[in-house]
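Shown next, in structure tokens, is the structure this report addresses.
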Amino acid sequence: MAGTEFRVYATPVSVYSCKLRLALALKGLQWREVEPPGGYGSAPYRAIVAQGTVPALVHDGAVLAESDAIIEYLDEIGAGPLLLPGGPQARARARALSRFIDTRLEPAVRALFPFVGSDGAVPEATRATLSGQMDRFAAIVGPGPYLSGQSPGLPDCGFWAVAAVLETLNRALALDLAMRWPTLAGDDLPECADHLRAYRTALAGWAAARGAPT
């Protein structure tokens, strides 16, 4: 993809921004990352990205939102190695895993955010919902090391990002949750390790700013 620029709108602690960074890194792509002008969801940013969400990709005259759509677009234009496996069944399974992470696991993790730095305890119902989604996820993943098969792919990027958030919240809220998943193989990939380390640092800073232990 020589001669084309990938401009990414992202924020430091956004789980979906991290997901896209990991995908871009796995693809071996170079990109220019900028924060949304005026801040996340602002009118100036919505003038560029109508959804007002992060991440967003600007490439070849197109403005694209939603991390899965962006990553599949990169696959379709031949930008780096494919992050969806070959074969319709394998691709469907990878998409289903990614969808579960985005719509079941991540919202259950995000429900913990309001309690970081607060005096209130995490309600038992919130803990139970998260525990249930963690159990369901553990039941549908394969033996690893990657969710997509023998190489890292779309669902791995989302999973590694969400797992980093949960690790941070587990410490910040003293939840003592037992992690129920395979080895976080992203930490062993040179192209991803630095991005995951930087993301954990950003998350720790966010938690510390709210007075939570990190």
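Results for (1) basic (Lys, Arg); (2) buried (at least 19 other Cβ atoms within 10 Å of the Cβ); (3) in contact with a strand residue (DSSP E or B) (Cβ under 7 Å, 6 or more places away or on another chain); (4) under 22 Å from residue 85 (Cα atoms), shown as yes or no for each residue.
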{"site": "161", "(1), (2), (3), (4)": "no, yes, no, yes"}
{"site": "165", "(1), (2), (3), (4)": "no, yes, no, no"}
{"site": "175", "(1), (2), (3), (4)": "no, no, no, no"}
{"site": "185", "(1), (2), (3), (4)": "no, no, yes, yes"}
{"site": "190", "(1), (2), (3), (4)": "no, no, no, yes"}
{"site": "201", "(1), (2), (3), (4)": "no, no, no, no"}
{"site": "208", "(1), (2), (3), (4)": "no, no, no, no"}
Which number in (1) part of a loop (DSSP other than H, G, I, E, B); (2) touching a strand residue (DSSP E or B) at 6+ places or on another chain (Cβ under 9 Å) marks the one condition that residue 156 misses?
-> (1)
In the stretch 67-80, which residue that is touching a residue at least 24 places away in the same chain (Cβ under 8 Å) and under 17 Å from the mean Cα position of the chain (by Cα) is nearest to residue 5 (Cα to Cα)?
-> 74
Answer yes or no as to whether residue 49 is modelled with pLDDT of 95 or more and either under 17 Å from the mean Cα position of the chain (by Cα) or not aliphatic (A, V, I, L, M) (or both).
-> no
So the helices (runs of 4 or more DSSP H) completely within the stretch 20-135 holding 1 or more residues that are crowded, with 20+ Cβ neighbours inside 10 Å, touching a helix residue (DSSP H, G or I) at 6+ places or on another chain (Cβ under 8 Å) and outside the structural domain of residue 154 (by TED's automatic domain parsing) are 67-76
For the stretch 25-52, name all the residues that are without any contact (Cβ under 8 Å) to a residue 24 or more places away in the chain and at negative phi.
-> 37, 42, 43, 44, 46, 47, 50, 51
Residue satisfying condition, being under 25 Å from residue 207 (Cα atoms) and at pLDDT 95 or above, within set 75, 102 = 102
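The values are calculated or read from the model by the stated rules, or taken from the named source; none is laboratory data. Not measured: the values here are computed from a predicted model. Note: ideal-geometry Cβ built from the backbone for every residue, glycine included; neighbour counts use all protein chains shown.
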